[in-house]
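The values are calculated or read from the model by the stated rules, or taken from the named source; none is laboratory data. Remember, predicted model here, so these are calculated numbers, not experimental data. So basically every Cβ, Gly included, is an ideal-geometry build from the backbone, and we count neighbours across all protein chains shown.
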């Protein structure tokens with residue numbers, strides 16, 4: 001089975017090789033977008049992400065992990081940003097940060113903590129929230145999240161630490177959260 005790097009290189013001369021990249025990663029890109037947008041327009045945006053990726057395949061520099069997913073998340077992030085900029089009235093019930101909070105609430109296992117966790121996440125800056133969700137939800141490494149966000153790994157590490165610290169402090173204030181020692 002070819003790696004993402006091999007497929008990207010092959011797709012530069014044979015665009016049909018990009019089909020395997022789509023097959024491997026479309027469901028992850030779909031989930032990434034759905035958690036931030038809701039399911040109504042997700043399919044259209046997934047298509048837009050992969051059209052842009054196909055157009056940019058000659059310039060793609062795969063992550064050192066060998067995965068094309070961080071690169072695709074970076075494209076998805078830009079597509080989302082443009083989507084919200086084009087249709088601000090369509091998202092009047094959503095926060096300006098581009099999250100449909102009901103999808104975040106649904107993702108949480110501990111429904112009794114949902115309001116507190118929601119407030120803790122809402123209290124983060126957009127850059128802190130982005131790296132926290134890429135690492136926590138999308139299961140990217142810090143290095144992969146950094147690539148998706150277009151920042152250095154050091155900056156991603158700092159933002160992630162800051163996000164975790166601020167979220168834990170916000171949850172501790174709610175008196176329903178007991179921080180646990182790391183394992």
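Observations on the model:
- Check on residue 2, more than 14 Å from residue 73 (Cβ to Cβ), in the same structural domain as residue 76 (by TED's automatic domain parsing) and buried (at least 16 other Cβ atoms within 10 Å of the Cβ): no
- Exactly one residue out of 118, 59 is surrounded by fewer than 19 Cβ atoms within 10 Å (Cβ to Cβ) and modelled with pLDDT of 85 or more, and it is 59.
- Residue identified as surrounded by fewer than 19 Cβ atoms within 10 Å (Cβ to Cβ), assigned to a helix (DSSP H, G or I) and in contact with a helix residue (DSSP H, G or I) (Cβ under 6 Å, 6 or more places away or on another chain) among 35, 24, 10: 10
- Considering the conditions (1) at positive phi; (2) modelled with pLDDT of 75 or more, residue 149 is excluded by exactly one of them, (1).
- Residue in the stretch 153-163 that is surrounded by 14 or more Cβ atoms within 10 Å (Cβ to Cβ), within 16 Å of the chain's Cα centre (by Cα) and within 13 Å of residue 77 (Cβ to Cβ) present: no
- The number of residues in the stretch 38-56 that are under 14 Å from the mean Cα position of the chain (by Cα) and surrounded by fewer than 15 Cβ atoms within 10 Å (Cβ to Cβ) comes to 0.
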